[in-house]
Amino acid sequence: MSANVNTALPLEYQTEQNRMNILGFWIFLGAEIILFGTLFAVFSVLNARYAGGPTPKDLFEIKDVMIETILLLTSSFTCGLAIYEMRRHNRNGLLLWFIITLLLGAGFVFMEITEFIHYVHEGATMQTSAFLSSFFVLLGTHGLHVSMGIGWATMVIIQILKRGLTPVTARKTFIIGLYWHFLDVVWIFIFTFVYLARMVA
Amino acid sequence: MAKNTKGFPLTHVLGFIMSLVLTFAALGVALKTNLSFKTIIWIIGSLAVIQAALQLYMFMHMNEGEDGKSQIINVVYGFFIAFVTVAGSIWVMSFGM
């Protein structure tokens, strides 16, 4: 670990190594924005190619979409509260909000898988049309990110339980927090340009 | 950066309430009005950008830390490339249809 520790800063920013890791993660998120940008580009080009298959109006249920949106938005909020508690050096508050965040995230993944199963039973699979291929790839990539985030965060929680709040565990918690908020940012655009826009069109 | 370490997490609560308002505003504009498709896309697209910026500032504290400026430039650049990719793809694929 780097020697020049600045205890005036929050735990996650105290060492040079931590500051570099956090900056590095922001650069990774920049690449993630572009990854999702390419998937949005594919969807934007193909979103009206139904090939005789179901259309968004046949498939999308606005109630289920709103439940997913609220679950993910609330989990982003509770994740922010977890980091807030971490900065007050309140380990139990951090863990409580962190676990609530993951439960809400798991609820989101459950809703999304249920939605996909429902679509497949209506004959809307990845192979049905270009619209559905691009839809499942975009939504599936986002859902995979959320699922992996739950696994990643669980491992960070185990580290906090074993080692307590140190500059290293605080940095890891802060970074998974950034990742989690980012997934909600992506969802805002999915909600707007995939669900709402296609239901209007 | 360490300013909100005591008391009530005001910026988080405000960010959450504003995100909810923006989400339901987009829902209302999209499904409860009779505006043209183009108008609706512009309105809900703008609401999405505002909400994304809210998340980045109020939840992710994008501008904090000694590298705050680099972080902002990096994210703005990422969104610029994403926008060019999406808008450029729509534009180039609109020919010959």
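Listing for the model above:
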| quantity | calculated |
| --- | --- |
| Shape call, the stretch A:24-81: gyration tensor on alpha carbons, a/c limit 1.5 | oblate |
| Shielding by other protein chains, A:18-29, mean Cβ within 10 Å | 4 |
| Inter-chain shielding of B:56-68 (mean C-beta neighbours from other protein chains, 10 Å cut-off) | 6 |
| Sorted peptide list for B:71-82, A:187-198, B:53-64, B:28-39, criterion being average Cβ within 10 angstrom, highest first | A:187-198, B:53-64, B:71-82, B:28-39 |
| Cα-based reach from A:LYS162 at 18 Å (exclusive), listing aspartates and glutamates while leaving out same-chain residues under 8 positions away | A:GLU12 |
| Gaussian network model of chain A, springs between alpha carbon atoms under 10 Å - residue of A:ILE34, A:ILE157, A:ILE67 with greatest fluctuation | A:ILE34 |
| Rounded, prolate or oblate (a/c below 1.5 giving rounded, otherwise prolate when a/b exceeds b/c) for chain B by Cα gyration tensor | oblate |
| Helix-only [θ]222 nm of chain A, DSSP H runs n ≥ 4, -39500 (n - 2.57) each, per residue, nearest 500 | -26500 deg cm²/dmol |
| Gain upon complete extension [B:SER70, B:SER46; 0.36 nm per residue less C-alpha separation] | 6.2 nm |
| Those residues of the stretch A:68-92 whose amide nitrogen sits under 14 Å from the label point placed on A:LEU161, 7 Å along Cα→Cβ | A:92 |
| Straight-distance crosslink candidates among aspartates and glutamates, where the alpha carbon sits under 13 Å from A:LYS63 and sequence neighbours closer than 8 are dropped | A:GLU112, A:GLU115 |
| Approximate spin-label separation A:THR55-A:ASN6, in nm, with each point projected 7 Å along Cα-to-Cβ | 5.8 nm |
| Against the rule of thumb 2.2 N^0.38 Å, how large the Cα Rg of the protein assembly as shown comes out | 1.04 |
| Expected 222 nm ellipticity per residue - DSSP helices of 4 or more, -39500 (n - 2.57), all of chain B, to 500 | -24000 deg cm²/dmol |
| Among A:GLN127, A:GLN159, A:GLN14, residue whose mean-square fluctuation peaks in a GNM of chain A (springs only between Cα atoms under 10 Å) | A:GLN127 |
| Chain A: angle of helix A:16-46 to the longest principal axis, Cα-based, in degrees nearest 10 | 0 degrees |
| Chain A: relative contact order as a whole-number percent, Cα under 8 Å and 6+ apart | 33 percent |
| Residue mean of other protein chain beta carbons inside 10 Å, B:70-79 | 5 |
| J(HN,Hα) series, the stretch B:68-73, from Karplus relation 6.51 cos²θ - 1.76 cosθ + 1.60, nearest Hz, glycine and proline x | x, 5, 4, 5, 5, 4 |
| Overall form of the stretch B:37-80 per C-alpha gyration tensor (a/c, 1.5; a/b vs b/c) | oblate |
| Principal-axis tilt of helix B:10-32 within chain B, Cα atoms, nearest 10 degrees | 10 degrees |
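Values quoted throughout were computed directly from the atomic coordinates according to the rules given, and no laboratory measurement underlies them. Note that the coordinates shown come from a computational prediction; the quantities given were computed from them, not determined experimentally. Don't worry about glycine lacking a Cβ; one is built from the backbone with ideal geometry, like all the others, and counts go over all protein chains shown.
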